[in-house]
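Here the structure comes first, spelled out in structure tokens, and everything after it is commentary.
The values are calculated or read from the model by the stated rules, or taken from the named source; none is laboratory data. Note that the coordinates shown come from a computational prediction; the quantities given were computed from them, not determined experimentally. All Cβ positions, even for glycine, are placed from backbone atoms using ideal geometry, and neighbour counts span all protein chains on display. The accessibility values were calculated without ligands, DNA or RNA, using every heavy atom of the protein model including side chains. Shrake-Rupley method; radii C 1.70, N 1.55, O 1.52, S 1.80 Å.
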Amino acid sequence: MCTLEKRGNNLFILTLTGDNDDHRLNPALLATILSSLGEAKSQATRGSVLITTSLGKFFSNGFDLGWAQSAASRPESAKRLHQMVQSFQPIVAELISLPMPTIAVVQGHAAAAGFALALCHDYVLMRSDRGVLYMSEVDLGLPLPEYFGVLFRAKVGSVSARRDVLLGGMKIRGAEAVRLGIVDGAHEGEEEVKEAGMRLGEELGLRKWDGGVYGEMRKGLYPELCGVLGLEVGKPVLPTL
């Protein structure tokens, strides 16, 4: 599942937990993540920051395909997969509109929807000694949801990098992810990347930005993505002075 912890006045730490450390995004975990984001949003103040991380060797291994495939029939399996795709979309929308800076601390592998989850954040940090980013859909023969494609167009600026990730199934380690502009930093070891995430969160929190203004500015950067997510762009916001 996941936990939401508030540290000090500003930092919200969302941690994916559980006995199975690949953190597959099944309906129960998706619902819990969405609820935790709503809780952080309801408590947000000037200078709030969200840091998302996880325990174990995976950040997240994507949708729970095992749960989908355990259904009694192929149509039911497809229905379960579609359910997870639909349930993940409001999480993407919440992160894109959240009234605070967001940081993904990717301390292990992030695959498929797990990779997409990391990309939904403003900043992405990962380890340089282990862990990869990997979109497995092309290797598994699974179609890419429309909003996934738009997310990658919004967040990965290089056309060749998007080709290699989405059409080539490339597994990207930390230093290469930094070179391609997919992540903001690669750090040696789990503790090091988590400490880097906390430092960045504290630095951003000190800026005391107005969350409502910040969230609207973020949405303005990604109008195509907001369109497929059903988010309104350009909504007037009165700053709190």
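Taking the conditions (1) open to solvent by 10 Å² or more (accessible area, probe 1.4 Å); (2) within 20 Å of Ala28 (Cβ to Cβ); (3) not in a loop (DSSP other than H, G, I, E, B) in turn, Met84 satisfies each one other than (1).
Just to be sure before I move on: is Lys235 open to solvent by 70 Å² or more (accessible area, probe 1.4 Å) and touching a Phe, Trp or Tyr at 6+ places or on another chain (Cβ under 6 Å) in the structure I sent? Break it down stepwise before answering.
Values: open to solvent by 70 Å² or more (accessible area, probe 1.4 Å): yes; touching a Phe, Trp or Tyr at 6+ places or on another chain (Cβ under 6 Å): no.
So Lys235 does not fit the description; no.
From the list Glu224, Glu195, Glu202, the one residue that fits, being in contact with a His (Cβ under 9 Å, 6 or more places away or on another chain) and at pLDDT 95 or above, is Glu195.
When segment 4-31 is limited to residues that are within 20 Å of Gln89 (Cα to Cα) and polar (S, T, N, Q), the one that is least open to solvent (accessible area, probe 1.4 Å) turns out to be Thr15.
Scanning segment 87-136 for residues that are acidic (Asp, Glu) and modelled with pLDDT of 95 or more yields a count of 2. Residues that are of a type in the set (A, V, I, L, M, F, W, C), open to solvent by 50 Å² or more (accessible area, probe 1.4 Å) and either in contact with a helix residue (DSSP H, G or I) (Cβ under 6 Å, 6 or more places away or on another chain) or more than 26 Å from Tyr214 (Cβ to Cβ) (or both): does segment 114-135 have at least one? No - not one qualifying residue is present in segment 114-135. On the given criteria, is Ala44 open to solvent by 10 Å² or more (accessible area, probe 1.4 Å), over 22 Å from Ala110 (Cβ atoms) and in contact with a strand residue (DSSP E or B) (Cβ under 9 Å, 6 or more places away or on another chain)? In short, yes. Among the residues of segment 169-190, are any buried (at least 23 other Cβ atoms within 10 Å of the Cβ) and either in contact with a Phe, Trp or Tyr (Cβ under 8 Å, 6 or more places away or on another chain) or of a type in the set (Ser, Thr, Tyr) (or both)? The answer is yes; a qualifying residue exists. Cβ-Cβ contacts under 7 Å between residues 6 or more apart (or on different chains), taken from a first residue in segment 83-104 that is within 17 Å of Leu14 (Cα to Cα) to a second residue that is among the aromatic types (Phe, Trp, Tyr) and open to solvent by less than 20 Å² (accessible area, probe 1.4 Å), are listed as Val92/Tyr147.
Hey, can you tell me all the residues within segment 37-94 that are among the charged types (D, E, K, R) and more than 24 Å from Glu232 (Cα to Cα)?
Matches in segment 37-94: Lys57, Asp64, Arg74, Glu76, Lys79, Arg80.
Note on segment 1-48: residues that are within 28 Å of Tyr134 (Cα to Cα), assigned to a helix (DSSP H, G or I) and in contact with a Leu (Cβ under 8 Å, 6 or more places away or on another chain) amount to 4. For segment 166-179, filtering for residues that are out of contact with any Gly (no Cβ under 8 Å at 6 or more places or on another chain), under 18 Å from Leu125 (Cβ atoms) and part of a helix (DSSP H, G or I) leaves 4.
The selection criterion, being open to solvent by 70 Å² or more (accessible area, probe 1.4 Å), among the acidic types (Asp, Glu), within 22 Å of Ala111 (Cβ to Cβ) and touching an Asp or Glu at 6+ places or on another chain (Cβ under 9 Å), does not hold for Glu146.
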